[in-house]
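Presented below is the structure to which this report refers.
No lab work stands behind these numbers, since they all come straight from the coordinates. Since the structure is predicted, the reported quantities are computational estimates derived from the model, not experimental observations. As a convention, Cβ positions derive from the backbone with ideal geometry for all residues, glycine included, and neighbour counts pool all protein chains shown.
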Amino acid sequence: MAASKILTQDTIASIVADWKTGNFTQRDLAYKYKLSVGAVNKHTKGLDKEHEQLVNKLVEAKQELSQLDERSVHAVNEIVEERTKHIQFFTNATINNLRMMESKINEGTSIVEHKIAQEAIAKGRETVLGKQPETQVNIQNNAPSQQSMMNLQEYAQINAELNDLV
């Protein structure tokens, strides 16, 4: 059994991160951090090894890359980096649009502005990343009629009612 050791939040975060990779048992982590198995269990009990599949995919990808010549590896890494930047940009744009919509709920404005902004973001994403199932956009060019237009307060009320049901 390891000697008593004061655990910092940083050490606990490292233990949890290591655990989530799926690569360590509690005993492995106890040895790595010079702790008792009970101390490790206290912080990992009930946690999923949620990054295990990601670790396996990355290992597989690196194995495939190791079979390529240096120029091909560079080309693949360059494309992956660029596509990742684009995906992150459009993800952030969507999040900012949702925050803007949330702030307008209390102002009583219509949802049309949000819909237009989100369609522009989605169309831009499709333009940059190509037409893939996860990036395809289906935009109707017809302007919404007054009868079908819902203001943000109505949307918030319906959303709250749905959340209450769940």
Self-check item: DSSP-loop GluC sites (Glu not before Pro) across region 30-63, with at most 12 other Cβ within 10 angstrom
Solution: Glu50
Quiz prompt | Least to most buried among Ser66, Ser103 (fewest other Cβ within 10 Å first) | solution = Ser66, Ser103
Self-check item: Proximal lysines to Lys32, defined as alpha-carbon separation beneath 20 angstrom and excluding residues fewer than eight positions away on the same chain
Solution: Lys5, Lys20, Lys42, Lys45, Lys49
Quiz item: Arranged by the count of other C-beta atoms within 10 angstrom, fewest first, what order do Arg125, Arg71 take?
Solution: Arg71, Arg125
